[in-house]
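Asker: Below you'll find the structure I mean.
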Amino acid sequence: MNEPISIALAELARPRLPEAVELFTSKRAALRNEHGAWHELIYCILAGTQVPVETARRAHRSILTELAREIEPCRLASTVGSAERIEVVLRAAGYRYPGIKSRAIVAASVWVVDCHGGDLRGALESRGVAELERELTRSVSGVGKKIANHWLRNVGLDTCTIDIHLKRLFCELGVLAPPADRPLTDGEFERCVSHVRALSMLLKVPIAEAQYALWLAVRGRLAIDGEERSLW
């Protein structure tokens with residue numbers, strides 16, 4: 001790995017590590033719940049399309065609170081009108097894409113039930129990133145590479161998502177060719193992830209903490225349209 005790039009990334013990320021450690025400590029605690037990984041997948045679906053972070057978090061809280069009795073995968077996948085009820089909650093929370101995302105959440109619940117018996121814990125313990133990413137993106141309309149890797153990272157696997165903030169940073173560092181807003185090839189994506197993985201090794205923290213600390217460091221100066229947007 002390119003040592004000057006790793007050092008530059010570490011200088012950016014190191015001051016924000018305490019915030020990153022705090023966030024992912026709480027996430028790991030939530031994942032111990034039977035449906036923790038499923039709840040995290042719902043959040044990643046909501047956060048994956050240039051939605052302000054507080055909007056995604058508000059919508060996620062609303063779903064888990066207002067639909068607490070029917071949001072678990074087996075019930076959601078088998079209940080007629082589930083997408084419509086989720087859409088009502090998302091719309092009330094001020095979420096920008098209520099119809100698209102409600103259908104994606106229901107489709108994801110069907111994937112969890114049909115492929116994993118309603119419980120994701122076994123799959124996360126026994127399967128690798130590439131297999132789960134491929135299965136999820138092929139099975140769930142509305143979930144692509146970015147959302148899939150966001151979720152896989154948040155549940156503790158060795159990957160991460162490269163959003164527009166990090167793409168712009170990697171363009172500045174010469175890792176990527178501009179423009180930053182173009183889609184990444186699979187090779188470019190893996191190259192960027194490898195740099196974040198090298199950063200995590202240098203900082204001696206999991207890749208999730210390394211990426212989040214780096215993202216916190218660059219989001220202000222690389223803001224999009226003056227809004228805070230998030231994959232966290």
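Asker: Counting only other residues whose beta carbon sits under 10 Å from that of Asp181, what net charge do I get with K and R as +1, D and E as -1?
Answerer: Values: positive: Lys167, Arg168, Arg182; negative: none.
Net charge in that neighbourhood comes out at +3.
Asker: I would also like to ask the following. Taking the Cα centre of the chain as the origin, how large is its charge dipole in debye, to the nearest 20, when only Lys and Arg (+1) and Asp and Glu (-1) carry charge on their Cβ atoms?
Answerer: On the way: 31 positive and 29 negative charges, 53 e Å.
Rounded to the nearest 20 debye, it is 260 debye.
Asker: Starting from the Cα-Cα distance between Lys204 and Asp114, subtract it from 0.36 nm times their residue separation and give me the gain in nm to one decimal. Provide the component values of the computation, followed by the final result.
Answerer: Working: separation 90, 0.36 × 90 = 32.40 nm, distance 3.76 nm.
Length gained between Lys204 and Asp114: 28.6 nm.
Asker: If you project the alpha carbons of region 107-222 onto their three principal axes, what span does each projection cover, largest first, in Å?
Answerer: Dimensions of region 107-222 along the principal axes of its Cα atoms: 44, 31, 25 Å.
Asker: Quick one: net charge around Ile207, please, counting Lys, Arg +1 and Asp, Glu -1 for every other residue with C-beta under 11 Å from its C-beta.
Answerer: On the way: positive: Arg153, Arg197; negative: Asp158, Glu209.
With Lys, Arg at +1 and Asp, Glu at -1, the net is 0.
Asker: I would also like to ask the following. Working out 0.36 nm times the residue gap between Leu124 and Arg28, then minus their Cα-Cα distance, what length gain in nm do you get to one decimal? List each step's numbers first, then the result.
Answerer: Values: separation 96, 0.36 × 96 = 34.56 nm, distance 1.33 nm.
This chain segment gains 33.2 nm when fully extended.
Asker: Kirkwood-based Rg over Rh for region 40-111 (C-alpha set), two decimals? Walk me through the numbers on the way to the answer.
Answerer: Details: Rg = 10.8 Å, Rh = 11.7 Å.
Ratio of gyration radius to Kirkwood radius for region 40-111: 0.92.
Asker: Please report, ordered by residue number, every helix of the chain (full DSSP H runs) that is 24 Å or longer along its axis going by C-alpha atoms and whose mean Kyte-Doolittle hydropathy reaches 0.5. Before the final figure, lay out the partial values.
Answerer: Numbers: long enough: 98-116 (26 Å, 0.74); 186-203 (26 Å, 0.23).
Correct list, ordered by number: 98-116.
Asker: In addition: To the nearest 20 debye, what charge dipole does region 113-213 have about its Cα centre, counting +1 at the Cβ of each Lys and Arg and -1 at the Cβ of each Asp and Glu? Write out the running numbers ahead of the final one.
Answerer: On the way: 13 positive and 14 negative charges, 40 e Å.
Dipole size: approximately 200 debye.
Asker: Report the residue, chosen from Glu188, Glu209, Glu22, that carries the largest GNM mean-square fluctuation when the chain is represented by alpha-carbon nodes joined by springs under 10 Å.
Answerer: Taking springs between Cα atoms under 10 Å, the residue moving most is Glu22.
Asker: Then there's this: Compute a Gaussian network model of the chain, connecting alpha carbons closer than 10 Å, and tell me which residue from Ile100, Ile71, Ile207 fluctuates the most.
Answerer: Answer for the Gaussian network model of the chain: Ile100.
Asker: Another question, if that's okay. Considering only Ala210, Ala13, Ala92, give the residue with the highest GNM mean-square fluctuation for the chain, with springs between Cα atoms whenever their separation is below 10 Å.
Answerer: The residue with the greatest mean-square fluctuation here is Ala92.
Asker: Another one. According to the Kirkwood expression over distinct Cα-Cα pairs, how big is the hydrodynamic radius of the chain, in Å?
Answerer: Numbers: mean 1/r = 0.0551 Å⁻¹.
Computed over the chain, the radius equals 18.1 Å.
Asker: Here is a further query. Please list, short to long, the whole-number percent of alpha-carbon pairs of region 1-42 in consecutive 10 angstrom bins beginning at zero.
Answerer: 25, 30, 25, 18, 1
Asker: If the convex hull of the alpha-carbon atoms of region 32-154 is projected onto planes in all directions, what is the mean projected area in square nanometres? Before the final figure, lay out each step's value.
Answerer: Details: hull surface 26.8 nm².
Mean projected area for region 32-154: 6.7 nm², to one decimal.
Asker: On to the next question. Hey, got a sec? Which trypsin sites (Lys or Arg not before Pro) in region 27-97 land in a DSSP loop and have at most 14 other Cβ atoms within 10 Å? Write down the numbers at each step before the final one.
Answerer: On the way: sites: Lys27, Arg28, Arg32, Arg57, Arg58, Arg61, Arg69, Arg75, Arg85, Arg91, Arg96; in loops: Arg32, Arg69, Arg96.
Sparse-neighbourhood loop trypsin sites (Lys or Arg not before Pro): Arg32, Arg69.
None of the figures in this text is laboratory data; all of them are computed from the coordinates on show. The shown structure was predicted, so the numbers you read here are calculated from the model rather than taken from an experiment. Every residue, glycine as well, gets a Cβ built from its backbone with ideal geometry; the counts of neighbours run over all protein chains shown.
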